[in-house]
Structure formats: structure tokens, C-alpha cells
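Data first, discussion second: the structure below is written as C-alpha cells.
No lab work stands behind these numbers, since they all come straight from the coordinates. Being a predicted model, the structure only gives us computed values, none of them experimental. Note that each Cβ is placed from the backbone with ideal geometry, even for glycine, and that neighbours are counted across all protein chains shown.
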Amino acid sequence: MILALFGGALLLWCAAEARLRHRIRRRGLPAVATVVPESDVHGALDSAPLLSFATRPVPAGRTGGAPGVEAGELVLTRPRGHTPLRRPAHLVPGGSVRIAYDPYRPGHAVLAAEEAGPRPLVADLLWTALGLGCLAAGAVLLLAAA
């Protein structure tokens, strides 16, 4: 049962992350972020770099009635959906990368599609396969126990 719950939760998480990345890339505001050097030893081991960027004013057509953030606010965040084992060579501290961010929650940022490359698709497929495998194994074990 636990295996089936884990597989189902993993599938829901994969779907939510993929949807969030797709929505931010499509509707978010583009920006250029700087990779920040990290003083924390454990943060430097994270494959998702710490990014710093300044927000822009929200365009008139995108307000949607929700309050935005102040223009020029400095944001430190890690990109969503970045799961390789090692940090790619182009994400060195001090380097610039193109991102897209949610104007109402600038902590939700993703690497631009050309910066991320084909790896997010491969990682999404691997996580989805793991979730489906766990869900199927849990369902088989539940049926065998019943």
C-alpha cells in the first residue's frame, strides 16, 4: 500500500512541477539572472544553482487583479524542475542565465527553455517511469494480498 501511495504521490508531484514550469515559461516574465556563489557547503552541492535577479514592473495586461511585487526587488531563488545529478558547466557562480519567473511569486522561477536544454524532458520521463513503476508494483502487491 505504501508503495502505491508513494507512486501516486510521485506522479502527482511530476505533473504539478511540469505544469508549473510550462505555465511560467509561457506566461511568466523573462529576466536575466546571475548565478550567486554560495557560502554554505551543502548549498554548493545542490545541482540547482542559487540565482539572483531584479524584478520588473508587471505589464498592464497581466495584472489579473492580484497585487504584484515592487519593481527592482532583488530575488534569490533556485530554479524549479532542475534535477540533474551535477550542476552543468554553464551555471558557474558569476555567470548569467536567462530565466522566466512568475510576476506574483518571483520565487517561482525556471530556466529558459534554451538554457535548460533537453534534460528536463528526460528527467520528467525518468521520474514519471519511477512513479508508474511504484504505483504498478504497489497495486500488484495489494491485489496479491487480497
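Extension gain, Ala139-Phe6: 0.36 nm per intervening residue step, less the Cα-Cα distance, totals 46.7 nm. Approximating the spin labels as points 7 Å out from Cα along Cα→Cβ, the Glu73-to-Leu130 distance works out to 3.3 nm.
Measuring r between the beta carbons of Arg27 and His90 and using R0 = 22 Å, the FRET efficiency lands at 0.30. A protection proxy built from the mean count of other Cβ atoms within 10 Å ranks the segments 48-55, 92-99, most packed first, as 48-55, 92-99. Packing, taken as the mean count of other beta carbons within 10 Å per residue, orders the peptides 9-16, 26-33 from highest to lowest as 26-33, 9-16.
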